[in-house]
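Participant: Below is a structure I'd like to ask you about.
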Amino acid sequence: MGFFDFMTEDIAIDLGTANTLIIHNDKVVIDSPSIVARDRISGKIIAVGKEANLMQGKTHENIKTIRPLKDGVIADFDASEKMINMFIKSIPALKKRMFTPALRMVVCIPSGITEVEMRAVKESCERVNGKEVYLIHEPMAAAIGIGIDIMQPKGNMIVDIGGGTTEIAVIALGGIVCDKSVKIAGDVFTNDIVYYMRTQHNLFVGESTAEKIKIQIGAAIEDLETPPEDMSVQGRDLLTGKPKQVEVSYREIAKALDKSIQRIEDAVMETLSQTPPELAADIYNTGIYLAGGGSMLRGLDKRISQKTDLPVYIAEDPLRAVVRGTGMALKNLAKFKSILIK
């Protein structure tokens, strides 16, 4: 085993709809958008991650940008495999190796995923030299990453708002007691903003621009204590066809996102209503934990808190909570064996 051990590398992967993160040797070595650019003629992948992200919405007919994951699951098998492969090959510590080492991986998956989609993730990993592939449910990984002791007989509620899905789960005794996975998350917020700019300002903006708006001035409530500055947004005027610029305030974005946030609130309420009474008592004391990029939306914690009458906490570095948890599960395989799916 000793020699084989030397040949094996451990990596933890958070394969997200919007971002893919990889931990190797307790360090986040890859943190890139989950997007690839493919040459239409040769079929070759020409860019991946940040480079491909810059091309989004700016391509000519010979280049196509693909987001291989949709709603948290693999939509384009071939592209996702190539993407994972390129990310793994670009890990600095593995670059030095003469040949690709065997990999022991823990990969996280959404909780509402089907058997077939689960197998797609597994096969993708096995084809990039994963000898031992373990899967872990996203809310579990987020809970571990936040620092909750999930093995305790105590209820904790996690709301993980990613790019493709929002995962809501009540966790106790190292298992998910009740969960709900809704396909309303970061991508939907971005599309809401595109739609709002179109209908309210007659301005046609691309996805990348809408994403920038969301990050810079996105909000969940219309009265923030420390409001962000108004933002200048450029796009194409739908009436004249000329490029134009408009000023947008965070209040408008709060209006644009209101419906979608309401649906996330409803899902949280529904999960709470399915929670067994003993665990509901625990959650009354512990509150709700938010993770994922969507939790950084200004005022969202306050809004969910007002809706549920519970304290709401945002994980530190919420974008990396899931991959941190996945990495911890990988380090203590023996301890977390029961929650990993082989």
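Participant: Holding the Cα-Cα limit at 20 Å, pick out from LYS154/LYS335; LYS183/LYS335; LYS44/LYS64 the pairs that are longer than that.
Facilitator: LYS183/LYS335
Participant: Okay, helix-only estimate at 222 nm for the chain: each DSSP H run of n ≥ 4 adds -39500 (n - 2.57), divide by all residues, round to 500 deg cm²/dmol; what do you get?
Facilitator: -12000 deg cm²/dmol
Participant: Please list the three semi-axes, largest first and in whole Å, of the ellipsoid equivalent to the chain, using sqrt of 5 times the eigenvalues of its alpha carbon gyration tensor.
Facilitator: The three semi-axes for the chain are 33, 29, 15 Å.
Participant: Post the alpha-carbon centroid distance, region 84-111 to region 292-322, in whole angstrom.
Facilitator: Region 84-111 and region 292-322 have Cα centres separated by 31 Å.
Participant: Compute the Cα gyration tensor for region 223-342, then decide on rounded, prolate or oblate, letting a ≥ b ≥ c be the square roots of its eigenvalues: rounded whenever a/c is under 1.5, prolate when a/b is larger than b/c in the other cases, and oblate in all that remain.
Facilitator: Cα axes put region 223-342 in the prolate bin.
Participant: Distances longer than 20 Å among the Cα atoms of region 52-166: what percent of all pairs is that?
Facilitator: Pairs farther apart than 20 Å: 54 percent.
Participant: Just to confirm, what accessible area per residue do you get for the chain at 1.4 Å probe, in whole Å²?
Facilitator: 48 Å²
Participant: Ok, one more. For LYS255 and THR59, what is the calculated FRET efficiency with R₀ set at 41 Å and r taken between the beta-carbons, to the nearest 0.05?
Facilitator: Values: r = 32 Å, r/R0 = 0.77.
For LYS255 and THR59, the calculated efficiency is 0.80.
Participant: At most 10 other Cβ atoms within 10 Å and a DSSP loop assignment: could you name the GluC sites (Glu not before Pro) in region 1-84 that fit?
Facilitator: Sites meeting the loop and neighbour criteria: GLU61.
Participant: Could you give me the ³J(HN,Hα) list for region 323-339, computed from phi with Karplus coefficients 6.51, -1.76, 1.60 and θ = phi - 60°, whole Hz, x at Gly and Pro?
Facilitator: Going residue by residue, I get 6, 4, x, 4, x, 5, 5, 5, 5, 10, 3, 4, 5, 9, 3, 5, 9 Hz, with x marking Gly and Pro.
Participant: Find which of ILE150, MET55, HIS24 sits farthest along the positive direction of the dipole of the chain, computed with +1 on the beta-carbon of Lys and Arg, -1 on that of Asp and Glu, about the Cα centre.
Facilitator: The one lying farthest along the dipole's positive direction is MET55.
Participant: Ignoring ligands, DNA and RNA, please state the percent of accessible area on the chain from carbon and sulfur, probe 1.4 Å.
Facilitator: Looking at the chain in its full context, I get 51 percent from C and S.
Participant: Taking the alpha-carbon distance from LYS342 and a cut-off under 19 Å, which lysines remain once sequence neighbours fewer than 8 residues away in the same chain are dropped?
Facilitator: LYS122, LYS131, LYS331
Participant: Straight-line reach from LYS82: which aspartates and glutamates have a Cα under 20 Å away, not including same-chain ones fewer than 8 places off?
Facilitator: Leaving aside aspartates and glutamates fewer than 8 places away in the same chain, those within reach of LYS82 are GLU9, ASP10, ASP14, ASP31, ASP39, GLU51, ASP71, GLU117, GLU123, GLU126, GLU132.
The values are calculated or read from the model by the stated rules, or taken from the named source; none is laboratory data. Note that the coordinates shown come from a computational prediction; the quantities given were computed from them, not determined experimentally. Heads up, the Cβs are rebuilt from the backbone with ideal geometry, glycines too, and the neighbour counts pull from every protein chain shown. Heads up: the accessible areas ignore ligands, DNA and RNA and are worked out on the full protein's heavy atoms, side chains in. Shrake-Rupley method; radii C 1.70, N 1.55, O 1.52, S 1.80 Å.
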